[in-house]
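Read the structure below first, then the notes.
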Amino acid sequence: MRSDEYPTISSISIAILKTFVQQHPEIKIEAIVADALYGNAEFMDEASKIAGSAQVISQIRYNQNISFKNSKKSVEKYFENIQPIQKTIHIRGGKGVVVLIKSARIHVCAHRKKRFVIAIKYTGEEDYRYLVASDLTWRYADIIDAFTLRWLVEVFIQDHKGNEGWGNLTKQPGKDGSYRSLTLSLLVDHCLLLHPDQVASINNKLPAKTVGSLCDIVKVDSILSFVEQIIHSDDPESHFKQISVFLKEHFVKSNDSKKHMNLKPWGNYQSSPSLKYKAFC
């Protein structure tokens, strides 16, 4: 018997999801996307139930057994004789990538029920990876598009580590150090939404700017303000303008953000009316 003091990652995630749903009842969850660690029946069923029958998308192993016509075989063996479809998908609504896709609504033995299983292989890869979805009424294309949104978490972590670095600068070890560095990171993200360049980008329907590039702009503006105060007493305005242009041209680069989803299509993450009968097959 596992001690309650050492919960599994899945049970921790379920608890977090319950708390989120309770505290934000105004938010409707269409889909929950998780990596292969959460591709088990308990998590997928419970998460879907908590989120009001939302779609849950995860991954299963290549050797996971499926049941077909009273026979049992691995998901890899099952899809071997199925001809793939070549399709262009859009990663987080942006860059188009060509993939090979196979799909089937089939009984997954470990889950004791039918799941929507999708085999997908990106260009240059040798092996397929296998997505699994709880709601059988979605189209496979919408499931794949939704699954790519999972990488927004990775983009956020990369942006946090690469451009903000609060985690490296914190002097507090343990839980307090990790919480406070992340809190500070999120506060900076929210504050920079009000930066004039960010506001201008959003208002003019242009890609939002990264936290790192906005931080660079703030740093340069601060330096310029400091230099201006020093040299303004003698009024060398022409020299100051030359320095300003030089710094902005060589030390500031405004990068397009992959974290913000403005200007990117969200896709159609919901049941297809024509496929409602699949839920009862």
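3J(HN,Hα) along the stretch 220-232, derived from phi through the Karplus expression 6.51 cos²θ - 1.76 cosθ + 1.60 where θ = phi - 60°, amounts to 5, 4, 5, 4, 5, 5, 5, 5, 4, 5, 6, 8, 5 Hz, with x in place of Gly and Pro. Measuring r between the beta carbons of Val199 and Ala279 and using R0 = 41 Å, the FRET efficiency lands at 0.40.
Judged by the gyration tensor of its Cα atoms, with axes a ≥ b ≥ c, the stretch 52-101 is oblate; a/c meets the 1.5 cut and b/c is at least as large as a/b. Once you've got the Cα coordinates, tell me which of Lys28/Lys209; Lys205/Lys253; Lys219/Lys264; Lys209/Lys241; Lys209/Lys248; Lys18/Lys264 are over 23 Å apart. Check vs 23 Å cut-off fails for Lys28/Lys209; Lys219/Lys264; Lys209/Lys241; Lys18/Lys264. For the stretch 45-52, 3J(HN,Hα) computed residue by residue from phi via the Karplus equation (6.51, -1.76, 1.60; θ = phi - 60°) reads 5, 5, 5, 4, 5, 4, 8, x Hz, glycine and proline entered as x. For Leu194, Leu263, the sequence from fewest to most other C-beta atoms within 10 Å is Leu194, Leu263. Counted by neighbouring Cβ atoms within 10 Å, the residues Leu136, Leu275 run from fewest to most as Leu275, Leu136.
Subtracting the Cα-Cα distance of Ile243 and Arg112 from 0.36 nm times their residue separation leaves 40.3 nm of extension gain. Put a dot 7 Å past the Cα of Leu37, heading toward its Cβ, do the same for His24, and the two dots end up 2.0 nm apart. Residues of the stretch 22-62 with amide nitrogen under 17 Å from the 7 Å Cα-to-Cβ point of Ile82? Hits in the stretch 22-62 for Ile82 at 17 Å: 57-62. Counting neighbouring beta carbons within 10 Å and listing from fewest to most, the residues Arg2, Arg115 come out as Arg2, Arg115. The fraction of Cα-Cα pairs per 5 angstrom bin, counted from 0 for the chain, comes to 1, 5, 9, 11, 13, 13, 12, 10, 8, 6, 4, 3, 2, 1, 1, 0, 0, 0, 0 percent, rounded to whole percents. Averaging the sequence gap over all C-alpha pairs within less than 8 Å and six or more residues apart, then dividing by the number of residues, gives the stretch 9-149 a relative contact order of 22 percent. For the stretch 9-149, just say rounded, prolate or oblate: build the C-alpha gyration tensor, square-root its eigenvalues into a ≥ b ≥ c, call rounded for a/c under 1.5, and beyond that prolate if a/b exceeds b/c, oblate if not. Because a/c hits 1.5 or more and a/b fails to exceed b/c, the stretch 9-149 counts as oblate. When the Gaussian network model of the chain links Cα atoms closer than 10 Å, the mean-square fluctuations of Ala119, Ala34, Ala15 top out at Ala15. Taking the chain as a Gaussian network of alpha-carbon nodes connected by springs under 10 Å, the highest mean-square fluctuation of the residues Gly124, Gly267, Gly52 belongs to Gly124. Largest mean-square fluctuation among Pro84, Pro196, Pro265, in a Gaussian network model of the chain whose springs join Cα atoms under 10 Å apart, belongs to Pro196.
Every number in this text was worked out from the coordinates using simple rules, so none of it is lab data. These numbers were taken from a predicted model, which means no experiment stands behind them. Reconstructed Cβ throughout: ideal geometry from the backbone, glycine too, with neighbour counts over all protein chains shown.
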